[in-house]
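Visitor: Starting off with a structure, shown below.
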Amino acid sequence: MPVVLGPEATPVPLPPGPATPLPASWEALARRIGHTPMVPVEVRIGARRRVLWLKLEGCNPFGSIKDRTAYALIRSLERRHGDGGPLTIVESTSGNLGAALAGMCRLRGHSLIAVVDPKNSPVNLAAMRRFGARIEMVHRPDETGSYLGGRLARVREICARENACWTDQYANPANPEVHFRQTGPEILLDAGYDTDCVFAAVSTGGTLAGIARYLRSQRPKLITKVIGVDAVGSIALCGRPATRKLTGYGASRPSAFVQDAQVDGTAWVDDAETVAMCWKLAAEAGLCLGGSSGAVVAASVRRLARDPDTSKIVCVCPDDGVKYRDTIYDAGWVRDQGIDVEAVLDRHDAAGLRFGGLVAATGRDVRAPDAPVLPRRC
Ligand SMILES: Cc1ncc(COP(=O)(O)O)c(C=O)c1O
């Protein structure tokens, strides 16, 4: 039976949330991080057929691109503290980083205090708890609805009170460095020197800054442009602060890692465009991705539609959609937030935008098991 998304929606039957098993050892974990699949997806805009290359970071062991960051942050603290035994680590996290840090701390014998807020997905919170992290919930948002300031204040208190060390994803150079050493080279290896653009979402900006620095280091042979994708309402890349409903990408403080000189442009994507693109990818390509991936694909499609000379775009897709079953993939939740997906889907129809299937297998089943049908086609 087809699943209906939109005003009369039934929830999309996504696969159950991952009860991520711990790898057998720290060494086994290190081997499994990265080398994520790069999947070509057909996109038609009117009569033109194009291909987007999606790098699926949800295939990392703890389910997101933050696995790379978490590993690098822990190693940087271990080096700073002389690899001298178990540490008490504290970090402010909106979810993915916390789940990865918790699993890795468990494997490594460290303790984790995860400072979180009510917007964290239940799937990530459950993973943090399962791996033994202590959860510190911050309840009071600022005037734009962001909890980041409150989370950082709590981290500083904990550091002072409990002799904990802060991985500090917002300023630790190990964050962009791992994307310079790993993610950037993987993109070039998978996609090749004829890539026109790479689109990457921003929260701390570590992913974007690391990839951009690596690809620029390959100039003049490589002329690939790197575009940051930020949420409307986020100030990570100098936007104007406003309320936004989706989590995962965007931030209520400027990125310490991304300087204007490093990136070739910024695309702002609002909540409705993001949700619409997530629904459309699930319905038409059978790919169930997280919100930031929807935003990255939305920005990339805009570029394809505007610029017929751009032919090869890589979309860095930070996670898959399982964690978002009660938010982005729940039409009731979307409606309650006042996110008007219908208007965006109308625009997609008017532009003749449609995804074909996956062009190749991924090696891991990341498809929505029962492709949903968009409302206007029911
Ligand atoms: C879902 C998602 N999207 C995008 C990002 C971008 O990460 P950053 O800019 O911190 O490297 C992250 C990291 O938290 C994420 O979890």
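Visitor: In whole Å, how far is the Cα centre of segment 105-129 from that of segment 161-195?
Guide: 20
Visitor: Further, regarding this structure: For residue 229, list long-range residues whose amide hydrogen, built 1.01 Å from N in the peptide plane, is under 5 Å from its own amide hydrogen.
Guide: Amide H neighbours of residue 229: 200, 201, 202, 267.
Visitor: Shifting gears a bit: Kindly report the accessible area of the chain per residue (heavy atoms of protein chains, probe 1.4 Å, no ligands, DNA or RNA), in Å².
Guide: Numbers: 15230 Å² over 378 residues.
Counting only protein heavy atoms, the per-residue value for the chain is 40 Å².
Visitor: Antiparallel DSSP bridges in the chain: what percent, to the nearest 5?
Guide: 35
Visitor: Looking at the chain, I'd like the Rg to Rh ratio, where Rg is from alpha-carbon atoms and Rh is Kirkwood's inverse mean 1/r. Intermediate results must be reported in sequence, preceding the final value.
Guide: Values: Rg = 19.7 Å, Rh = 20.8 Å.
Here the Rg-to-Rh quotient is 0.95.
Visitor: Heavy atoms only, 1.4 Å probe, whole protein assembly: order 78, 273 by accessible area, highest first. Let's see the in-between values first.
Guide: Details: 78 10, 273 35 Å².
Largest to smallest exposure gives the sequence 273, 78.
Visitor: Calculate, in whole percent, how much of the Cα-Cα pair population of segment 66-166 lies beyond 23 Å. Provide the component values of the computation, followed by the final result.
Guide: Numbers: 1037 of 5050 pairs.
In whole percent, the long-distance tail amounts to 21.
Visitor: What are the ³J(HN,Hα) couplings of segment 239-247, residue after residue, when phi is run through the Karplus curve with 6.51, -1.76, 1.60 and θ = phi - 60°? Round to Hz, x for glycine and proline.
Guide: Coupling constants for segment 239-247: x, 9, x, 7, 5, 9, 9, 8, 10 Hz.
Visitor: Roll a 1.4 angstrom probe over the protein heavy atoms and tell me the percent of accessible area of segment 66-166 that is carbon or sulfur. Can you show the working numbers first?
Guide: Numbers: 2050 of 4200 Å².
Solvent-exposed carbon and sulfur of segment 66-166 make up 49 percent of the total.
Visitor: May I ask for the distance between the Cα centers of segment 245-274 and segment 68-83, given as a whole number of Å?
Guide: Computed from Cα coordinates, the inter-centre distance equals 26 Å.
Visitor: For the ranges 229-240, 293-304, what's the packing order if you count other beta-carbon atoms within 10 Å of each residue, average per peptide, and put the highest first?
Guide: Values: 229-240: 21.2, 293-304: 26.5.
So the order, starting with the most tightly packed, is 293-304, 229-240.
Visitor: Specify whether the C-alpha gyration tensor of segment 167-273 places it in the rounded, prolate or oblate class, a ≥ b ≥ c being the square roots of the eigenvalues: rounded for a/c under 1.5, otherwise prolate if a/b is larger than b/c and oblate if not. Kindly include the intermediate steps, with their values, before the conclusion.
Guide: On the way: a/c = 2.15, a/b = 1.53, b/c = 1.40.
Prolate, because a/c is 1.5 or more and a/b exceeds b/c.
Visitor: Taking the Cβ of residue 310 as the centre, find all other residues whose Cβ is under 10 Å away and add up their charges (Lys, Arg: +1; Asp, Glu: -1). Mind dumping the intermediate values first?
Guide: Values: positive: 50, 225, 303, 306, 312; negative: 196, 307, 309.
Overall, the nearby charge balance is +2.
Visitor: While we're looking at this one, here's another question. What aspartates and glutamates does residue 312 reach when the alpha-carbon gap must be under 15 Å and sequence neighbours fewer than 8 apart in one chain are set aside?
Guide: Leaving aside aspartates and glutamates fewer than 8 places away in the same chain, those within reach of residue 312 are 42, 190, 194, 196.
Visitor: Once you've got the Cα coordinates, tell me which of 225/280; 66/225; 119/225; 55/245; 245/323 are over 21 Å apart. It would help to have the intermediate numbers written out before the result.
Guide: Details: 225/280 26 Å; 66/225 23 Å; 119/225 33 Å; 55/245 25 Å; 245/323 15 Å.
Pairs exceeding the cut-off: 225/280; 66/225; 119/225; 55/245.
Visitor: Given 5 Å bins starting at zero, what is the percent of C-alpha pairs of segment 109-247 in each, up to the one with the largest pair distance?
Guide: Reading upward from the zero bin: 2, 9, 14, 16, 17, 16, 12, 8, 5, 1, 0.
Visitor: For residue 340, what charge total do you get from the other residues with a beta carbon under 13 Å from its beta carbon, if Lys and Arg give +1 and Asp and Glu give -1? Kindly include the intermediate steps, with their values, before the conclusion.
Guide: Values: positive: 245, 335, 347; negative: 270, 271, 273, 336, 342, 346.
The answer is -3.
Visitor: Which number do you get for Rg(Cα) / (2.2 N^0.38 Å) in segment 256-312?
Guide: On the way: Rg = 13.0 Å, N = 57, 2.2 N^0.38 = 10.2 Å.
Against the empirical 2.2 N^0.38 Å value, I get 1.27 for segment 256-312.
Visitor: By average Cβ neighbour count within 10 Å, what is the ranking of 64-70, 310-316 from highest down? Could the numbers behind the result be given before it?
Guide: On the way: 64-70: 29.3, 310-316: 22.0.
Answer by packing, highest mean first, reads 64-70, 310-316.
Visitor: Rounded to the nearest 500, what is the chain's calculated 222 nm mean residue ellipticity when only DSSP H runs of at least 4 contribute -39500 (n - 2.57) each, over all residues?
Guide: Result for the chain: -10000 deg cm²/dmol, rounded to the nearest 500.
Visitor: Let me ask you something else. For helix 291-306, what angle does its Cα long axis make with the longest principal axis of the chain, in degrees from 0 to 90 and rounded to 10?
Guide: It is inclined by approximately 40 degrees.
Visitor: Could you please state how large a percent of the accessible area of segment 254-312 is carbon and sulfur, counting protein chains only and using a 1.4 Å probe?
Guide: On the way: 830 of 1790 Å².
Taking all protein chains in place, segment 254-312 shows 46 percent carbon and sulfur surface.
The values are calculated or read from the model by the stated rules, or taken from the named source; none is laboratory data. What you see is a predicted model, and the numbers here were worked out from it, not measured in a lab. Glycine gets a Cβ as well: all are built from the backbone with ideal geometry, and neighbour counts include every protein chain shown. For the accessible areas, the whole protein counts, side chains as well, though only heavy atoms, and no ligand, DNA or RNA atoms are used. Shrake-Rupley method; radii C 1.70, N 1.55, O 1.52, S 1.80 Å.
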